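Novice: Mind having a look at this structure? Questions to follow.
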Amino acid sequence: MLITFEGIEGCGKSTQIELLYTYLTQKGRVVVKTREPGGTPFGEALRKVSLTKEMTVFPLAELLTFMAIRAQHVEEVIMPALEKRQIVLCDRFVDATYAYQGYGRGIDLGIIETLNRLVTKGIRPNLTILLDCTATVGLKRKSGHHRSLDRFEKEALSFHRKIRNAYTKLAKEDPERFFVVDANGDVEAIHRIIREKVDFLLNDHGIR
Ligand code: TMP
């Protein structure tokens with residue numbers, strides 16, 4: 001079972017993944033918590049390079065870096081876990097590339113689709129939780145984290161608005177897979193909504 005989390009910067013993904021991970025493991029489930037960019041030693045090393053604000057990275061180079069990270073991640077972490085019927089919680093996956101490199105940087109969506117199909121070997125998330133908040137709320141949360149902003153976080157408000165709209169569009173195009181949660185509100189309340197959805201999905205798949 002692959003559950004992915006998406007949203008703009010500061011939407012609260014990491015917090016919600018952590019809460020869901022604790023909830024599911026306390027129920028005795030085997031859960032793998034992972035992320036992109038990252039998830040493997042190779043991916044984490046490339047994450048550092050690709051997010052640093054001290055470098056200029058052109059859109060195609062950015063796209064191919066994220067794809068390399070994903071190819072490694074799928075083979076090394078995601079596929080083995082899914083084969084063992086474990087629950088994988090992944091902080092960003094294929095949709096982030098459509099949103100950021102496609103709608104954000106203007107790369108052809110067809111190229112992204114072809115590369116995504118290649119590197120994921122056809123694996124698709126069973127559920128994608130989109131934490132939706134305004135760009136202003138997201139960026140305010142990020143700037144309150146007291147660490148320096150990365151290459152994406154430093155983009156203009158208009159870029160983050162574009163990414164939010166892109167995610168909304170992706171969710172509308174695939175309503176069966178996406179679950180959109182209003183992420184402007186209370187952390188615990190958001191967690192309860194997510195928990196309910198995931199419990200329902202696991203029951204539906206006969207996972208007790
Ligand atoms: P994070 O801060 O949520 O861990 O994500 C790091 C950044 O990576 C985030 O700003 C979005 C970006 N990203 C892409 O641009 N394309 C991708 O395919 C992925 C996975 C992440």
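Novice: Taking segment 1-109 as the region of interest, what is the percent of Cα-Cα pairs per 10 angstrom bin, listed from the shortest bin to the one with the maximum distance?
Specialist: P(r) for segment 1-109, in whole percents per bin: 14, 43, 33, 9, 1.
Novice: Calculate, in whole percent, how much of the Cα-Cα pair population of the chain lies beyond 28 Å.
Specialist: 23 percent
Novice: Mind listing the Cα extents of segment 121-208 along all three principal axes, in Å, largest one first?
Specialist: So the three principal-axis extents are 44, 31, 23 Å.
Novice: Hey, what's the Cα Rg ratio for segment 85-148 versus the globular rule of thumb, 2.2 N^0.38 Å?
Specialist: In units of the globular-protein estimate, segment 85-148 measures up at 1.39.
Novice: Using a Gaussian network model on the chain with a 10 Å cutoff between Cα atoms, which of ASN184, ASN165, ASN116 fluctuates the most?
Specialist: Answer for the Gaussian network model of the chain: ASN184.
Novice: Can you give me the long-range amide H partners of VAL32? Hydrogens built in the peptide plane at 1.01 Å from N, cutoff under 5 Å, separation of 5 or more residues or another chain.
Specialist: Amide H neighbours of VAL32, under 5 Å, 5+ apart: ILE87, VAL88, LEU89.
Novice: On to the next question. Taking θ = phi - 60°, what integer Hz values does the Karplus form 6.51 cos²θ - 1.76 cosθ + 1.60 yield along segment 11-19, in sequence order, with x for Gly and Pro?
Specialist: So the Karplus estimates, Gly and Pro as x, are 7, x, 4, 4, 4, 5, 5, 4, 5 Hz.
Novice: Between segment 96-143 and segment 19-67, what's the alpha-carbon centroid distance in Å?
Specialist: Each part reduced to its Cα centre gives a spacing of 13 Å.
Quick note: the coordinates plus some simple rules give every number you see, no bench work behind them. Since we're looking at a predicted model, the values are computed, not measured.
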